[in-house]
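A quick write-up on the structure given underneath.
The values are calculated or read from the model by the stated rules, or taken from the named source; none is laboratory data. The structure presented is a predicted model; accordingly, all values stated were derived computationally and were not measured. Methodologically, a virtual Cβ is constructed for each residue, glycine included, from the backbone with ideal geometry; neighbour enumeration extends over all protein chains shown.
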Amino acid sequence: MDDLAGFLRTRRSRVDPAGVGIPVDSRRRVEGLRREEVAHLSGVSVDYYVRLEQGRATQPSEQVLDALARVLGLDETERGHLDRLARQPRHRAKAPSGRLRPELLRVLDLVSGAPALIMNHRLDVLAGNRLAELLFGRPLPGFNTARHIFLEEAERGLYADWETCTLDAVGHLRLAAGTYPADPRLASLIGELAIGSERFRRLWARADVSARTHGRKAYHHPLVGLLELHQENFALPDAPGTELLVLSAAPGTPTEDGLRLLGTLRTDEEDAPVAPGDRRPRTSTDVG
């Protein structure tokens, strides 16, 4: 799904030669740095760097990775991704099971004033509280946000910043592919998105990685209007690759009023007649 050679090629194509002290003129046809330039600036032989980009050199040292990261201008997230790609043959992280502790699900339902959901590395929603279901207009266990963003054309209008959401989703999945390269369900999802979305294919080819921990998320809800929310991501220590996401509104804003109004609505599940003792929970511990 991802490889060291491809990542190095995309990163060097984005480095401004003038920014690293290399003179450029109108005859230069290479986008970014040449291989020999990366090798020279990193202090490694041209032959060794060429073998890295061809996938023929394995297990580069920490010093070599540090030097490459410096020359290619990698941020902290990209540097970690580079290290994981370089170490893949020795260690392949096992994909998380997706099972959630009942105590965690109780905490999720205690978040009553903001949409909250638990998501895995594939962007599958494992569980969500009532407001999260009302925000997305559907039961959440088994719902995949990347599939929703890229493949469900009728739902695109929900995302006020759709293009930004696509960048975040691809960056997250690229990072997951480097962390869990042997996850067949992740590979299947990426293939499905690549087949079904031209934008996904273009963004995936850029090989960008991102780890968003907080930021603005805006939605155009069909019933309550624009919701300008702040998303906080909380990593779950005993569930690698899994995060709790909480979408909150600033006090005294129209979005706070919108969330309050959203909370008065009813889900399809709540409207459906249910026999006593037969109500199904809104959360699941079995989504892998």
Practice task
Test Glu256 against the criterion of being in a helix (DSSP H, G or I), within 20 Å of Ala116 (Cβ to Cβ) and at pLDDT 85 or above, and give yes or no.
Solution key: yes
Practice task
Tally the residues that are in contact with a helix residue (DSSP H, G or I) (Cβ under 9 Å, 6 or more places away or on another chain), part of a helix (DSSP H, G or I) and either of a type in the set (Asp, Glu) or within 13 Å of Arg122 (Cα to Cα) (or both), restricting the search to region 183-204.
Solution key: 6
Handout entry: Condition check for Ala250: part of a loop (DSSP other than H, G, I, E, B) and free of Cβ contacts under 8 Å to residues at least 40 places away in the same chain
Key = yes
Problem - Residue within region 190-197 that is more than 24 Å from Glu243 (Cα to Cα), of a type outside the set (Val, Ile, Thr) and without any contact (Cβ under 8 Å) to a residue 40 or more places away in the chain present - result: yes
Exercise for the section: Taking the residues in region 138-177 that are assigned to a loop (DSSP other than H, G, I, E, B) and in contact with a Leu (Cβ under 8 Å, 6 or more places away or on another chain) as candidates, determine which candidate is nearest to Ala211 (Cα to Cα). Expected result: Ala160
Fill in the blank from the handout: Taking region 205-247 and keeping only residues that are touching a residue at least 60 places away in the same chain (Cβ under 8 Å), in a strand (DSSP E or B) and closer than 21 Å to Pro181 by Cα, one is left with Glu243
Problem - Checking Asp47 against (1) farther than 23 Å from Leu203 by Cα; (2) assigned to a loop (DSSP other than H, G, I, E, B), the condition it does not meet - result: (2)
